[in-house]
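A quick write-up on the structure given underneath.
No lab work stands behind these numbers, since they all come straight from the coordinates. Since the structure is predicted, the reported quantities are computational estimates derived from the model, not experimental observations. Note: ideal-geometry Cβ built from the backbone for every residue, glycine included; neighbour counts use all protein chains shown.
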Amino acid sequence: MLVPRIATVSACLALSAFLSAPVAAQNAARGKTLYNSFPYGCSDCHGGISNPKNDPERSKPSGGVKSGIVWQNIQLGINSTIDGNNAMTSLLKPFYDSGAIIDTDLQDISAYLQGVFSGTPSGTVSAPGSAAFGSVTVGGSALQSVSVSVATAAVSFTAASLSGANASDFTISTNTCTGSVSPGTCQVGVSFHPAAAGAKAASLLIPNAAGNKTVALSGTGTAAAAGGQLSAPPSVSLADTAVGSQSGSSVVTLSNVGGSPVTIASVASSNAGEFLLVSNNCTGVTVPSGGSCFFGVVFKPSTTGARTTSISIASNGVGSPQAVIASGNGVPPSGGGGGGAGTKVVAVEYYHPVFDHYFVTAIPDEIAKLDGGFFAPWARTGLSFNVYASSGAPAGASTVYRFFSTSFAPKSSHFYTANPAEYAALLTNPNWQLEGPVFSVVMPAADGTCPAGTAPVYRMYNNGQGAAPNHRFTTDMATRNAMLSRPPDKAWLAEGAGVGVGMCSPQ
């Protein structure tokens, strides 16, 4: 994933005709605001937000503005003359070309117009403004569930995220506020696990089509006692797995951050029928100060849907017992649940704060060593996405190969590609060595769209900043937009098909 910018897939979305299907639901509430705001000015020609069906240019109601329920039609009107009318082009194209208007804005406006013309009632979302975790010993953790209420009508949610000065001290452990949520409540589970003593604060963003919600998170880390104390990750996510099948192992590292040895009495899963503990070298082991042990957990769902367990670690250390929440999603044996048949595994993202580099891996041994601190200061970002195991990929999937380079010492670089042209170019480049196939994915169409049951994985390039190339892959649109919106000297570039889609993640 870390590479000079060589051959890429198509980077532009070319439209030659009106398209017929809208994108997935976006933020209609935001779109309503944009519709009536500078520099969009939709209301200047089509009527204000109280009556957006007016179309005076054609002397009939809803003539031109209704076509905006497909966001690509708005984009087409900005970039070209339609039926001899170039009003949108002359007014909006300079803003579009400069990035003041982006495709996400057009998608949100389109979502608002879809509601206007369909008469669909608007759902509402409410969430608490804050969540306080109190005092937690460094190396320990505390869990809270943020309850989100949906009223009036179903609302579409996208992935929740964390930000703020101490975001790394918090983790989203579970989230049922995803996709279309019917009236009622859904939950976002958050863990507070301070890495150092002191007051900690972060923000939890819960994006949804009715208007994003932000929850202020706070907690205080207290110094670990002089005695032994285990530090455990608050949660672990396992790959979507077919009912009756078993996932690969996810490794959990327990580290002794206290000053005395800790003897571990037991490691037990509350849902041992679906979350089985394997390769356990922790139970009955005495872990010295600064040492660690590992155990693996595999997922064998008995039914479809979201499944969880609490893994309890009992020891003579401070804060015992401790809990690690493991979660997974059971899918039908035929491979249903999105993305077709195939063995899915999770590709986990890590960050190196000194190099300002990102790295992603689905290899269990690498994940275990990264989580265990063998490659410090690499640490999880909290983001991940599904891929197919190379040995269990469905027909039509493309193999992703990984290359490695030490030509940018003291920094090293990895590069992932399923693109035949990139693969061939790197094979002949003496600065890059082929490590081999690492996983498989479905590739996007030339316009950046992904097949049903998969989600776009956006690919970004650091433009060689810091004298070493680096790529980042994410399914999170907010993360992608933040990377592309950095100051000019630190901004990343979009690469891939359409708006910058490098591959498609099975859901």
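So, counting K/R as plus one and D/E as minus one, what does the shell of residues with Cβ under 13 Å around G382 add up to? Could you put the intermediate results ahead of the total?
Numbers: positive: R380; negative: D169, E349, D371, D476.
Neighbourhood net charge equals -3.
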Compare the Cα positions of P437, Y401, Y461 along the charge dipole of the stretch 358-506 (+1 at Cβ of Lys, Arg; -1 at Cβ of Asp, Glu; about the Cα centre) and return the one farthest towards the positive end. Y461
Only helical DSSP H runs with n ≥ 4 go in: add -39500 (n - 2.57) per run for the chain, normalise by residue count and round the 222 nm mean residue ellipticity to 500 deg cm²/dmol. -4000 deg cm²/dmol
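How much of the DSSP bridge set in the chain is antiparallel, in percent, rounded to the nearest 5? Let's see the in-between values first.
On the way: 102 of 113 bridges.
Among the beta bridges of the chain, antiparallel pairing accounts for roughly 90 percent.
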Quick one: give the max-minus-min coordinate of the C-alpha atoms of the stretch 344-419 along each principal axis, largest first, in Å. 40, 27, 18
Sorted by Cβ density within 10 Å, fewest first, the residues H46, H193: H46, H193
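At 15 angstrom or more along the helix axis (alpha-carbon based) and mean Kyte-Doolittle of 0.0 or higher, what helices does the chain contain? Whole DSSP H runs only.
Details: long enough: 87-98 (18 Å, 0.12); 103-118 (22 Å, -0.04).
Both cut-offs are met by 87-98.
What does the charge count near A326 come to, summing +1 for each Lys or Arg and -1 for each Asp or Glu among other residues with Cβ under 13 Å from its Cβ?
Net charge in that neighbourhood comes out at +1.
Give me T152, T137 sorted ascending by neighbouring Cβ count inside 10 Å, so fewest comes first.
Listing T152, T137 from fewest to most nearby Cβ atoms yields T152, T137.
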Can you give the FRET efficiency to the nearest 0.05 for D97 and A445, using r as the Cβ-Cβ distance and R₀ = 41 Å? 0.95
T286 versus S163, label points 7 Å from Cα toward the beta carbon: distance in nm? 4.9
Take the chain, drop everything but the C-alpha atoms, weight them equally and run the Debye formula without solvent; then report log10 I(q)/I(0) at 0.13 Å⁻¹ to two decimals. -1.38
Using Cβ counts within 10 Å as a stand-in for footprinting exposure, how do R480, R30, R380, R486 rank, fewest first? R486, R380, R30, R480
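Could you size up the charge dipole of the chain around its Cα centre, putting +1 on the beta carbon of Lys and Arg and -1 on that of Asp and Glu, and report it in debye to the nearest 20? Intermediate results must be reported in sequence, preceding the final value.
On the way: 22 positive and 22 negative charges, 74 e Å.
The dipole of the chain has a size of about 360 debye.
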Each residue of the stretch 289-303 in order: what ³J(HN,Hα) in whole Hz does its phi give by Karplus 6.51 cos²θ - 1.76 cosθ + 1.60, θ = phi - 60°, with x for Gly and Pro? 4, x, x, 8, 9, 9, 9, x, 10, 10, 10, 10, x, 9, 8
